[in-house]
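Presented below is the structure to which this report refers.
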Amino acid sequence: MRVLIIGGSGFLGRAVVEAALARGHEVTTFNRGRSGPDVPGVEAVRGDREVPADLERLTGGRSWDFVVDTSGYVPRVVGESARALSGHAGTYAFVSTISAIAGFPGKPAEDDSDIWPCEPGAGPEDGNYGVLKAGCERAVEQGFDGNVLIVQPGIILGPHEDVGRLPWWLTRIAQGGQVLAPGDPGAPLQYVDARDLAIFTLDQAERGTADRFLVAGPVGQTTYGEWLGLCKEATGSDAEFVWVDSGFLAEQGAGTFVELPLWGGPPSAETGNFWSVPTAKAEAAGLRTRPVAETVRDTWAWLREIPERRRNFGTNSTHGIAPEKEAALLAAWAARSEPAHSE
């Protein structure tokens, strides 16, 4: 089949491209060429989706069986792409996010949950990440004349991750010594490997599926303790995990999710459903997820190819706690944990 990938050289987009090429598809990528080199074997079209002339040049004389949009964040920009590609493809698969669901994670997510109110013509100043993704969904649904597939993944991990969650933990644990492990080792984690998400999205797009799916690993997929233990095993490290109470970390000003990747802070009603994303609908449609150990191991194998001095992931934020702050928190926790001595 003929496939267009908007993006295609970063993280998830690269996984989609590699999976599509492995199936023998003819793959066109459309991107600015800034996130990295294109995968060999694609027809690479350079352009900016915000420039109408670039979209016209992309679509001129070309058509595809389906489009996979992995890099849409602003509704009015996504809407322009959807309108430009109408008549040039049968299906438009848009990769959204579970954060587009209104009230999540304070409220449970379902495949048919309402999404945040956001106009399809909204600009970057009109909301946060999840709100704007909701507007992007509407922009595709209203702008594309054909089948529309909406995929709402949770946390995405795996090789080539450009956010820096799993790569930071692997790098830190590989350095050894005492490692601050946040919260409860039995706390649940749930994610989807980018390669499994890519396979599922391609499966649905090939069928011309017009639907929406939550996509994540199974509920109970792993725990924080197991996950970090697998990182230690993969790196062969002698790291010693020091599990520090979530309440104490919050009191000390430790940052959730970014400073301590995938740690959500003390349990609360506002975050209570983050790690319990239902996946029955996607599984019934064919979603399969690989073992956690495989994701960790393969990410470390990829990461070892990158010099440590260049391990700075993401464009909006740098994940991971500063070494001096980690040391200070560990010292404060050790002091608090020591029994009091009377004179």
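Give me a count of the residues in the stretch 278-297 that are closer than 21 Å to VAL163 by Cα and surrounded by 21 or more Cβ atoms within 10 Å (Cβ to Cβ).
3
Does the stretch 241-255 hold any residues that are crowded, with 16+ Cβ neighbours inside 10 Å, more than 14 Å from TYR224 (Cα to Cα) and not small (Gly, Ala, Ser), and which are they?
Matches in the stretch 241-255: PHE248, LEU249.
Taking the options GLY217, GLY229, name whichever one is at pLDDT 95 or above and part of a loop (DSSP other than H, G, I, E, B).
Sole residue among the options that is at pLDDT 95 or above and part of a loop (DSSP other than H, G, I, E, B): GLY217.
Any idea which residue in the stretch 96-129 is surrounded by the fewest Cβ atoms within 10 Å (Cβ to Cβ), counting only those that are in contact with a strand residue (DSSP E or B) (Cβ under 7 Å, 6 or more places away or on another chain) and in a helix (DSSP H, G or I)? Even if it seems obvious, please write down each step before you answer.
Kept after step one, since they are in contact with a strand residue (DSSP E or B) (Cβ under 7 Å, 6 or more places away or on another chain), are these residues of the stretch 96-129: 96-98, 100-102, 109, 111, 113, 115.
Remaining after also requiring in a helix (DSSP H, G or I): 98, 100.
Details: ILE98: 21, ALA100: 26.
Ranking the qualifying residues of the stretch 96-129, first place goes to ILE98.
Looking at ASP145, ASP203, ASP162, ASP238, can you tell me which residue is among the acidic types (Asp, Glu), surrounded by fewer than 24 Cβ atoms within 10 Å (Cβ to Cβ) and assigned to a helix (DSSP H, G or I)? Walk me through it before giving the result.
Working: ASP145 fails: assigned to a helix (DSSP H, G or I); ASP162 fails: assigned to a helix (DSSP H, G or I); ASP238 fails: assigned to a helix (DSSP H, G or I).
It is ASP203.
This table checks each residue for (1) of a type outside the set (D, E, K, R); (2) over 25 Å from GLY121 (Cα atoms); (3) out of contact with any Ser or Thr (no Cβ under 9 Å at 6 or more places or on another chain).
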residue	(1), (2), (3)
VAL39	yes, yes, no
GLU43	no, yes, no
ALA53	yes, no, yes
SER71	yes, no, no
SER81	yes, no, yes
SER86	yes, no, yes
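More than 21 Å from THR209 (Cα to Cα), within 25 Å of the chain's Cα centre (by Cα) and surrounded by 24 or more Cβ atoms within 10 Å (Cβ to Cβ): which single residue out of PRO75, PRO37 fits that description?
Every option except PRO75 fails the conditions.
Given the residues ASP48, ASP65, which is the only one that is surrounded by 16 or more Cβ atoms within 10 Å (Cβ to Cβ) and of a type in the set (Asp, Glu)? Explain how you work it out, then say what you get.
Numbers: ASP48 fails: surrounded by 16 or more Cβ atoms within 10 Å (Cβ to Cβ).
It is ASP65.
The values are calculated or read from the model by the stated rules, or taken from the named source; none is laboratory data. In this text the structure is predicted, and so the values were computed from the model without any measurement. All Cβ positions, even for glycine, are placed from backbone atoms using ideal geometry, and neighbour counts span all protein chains on display.
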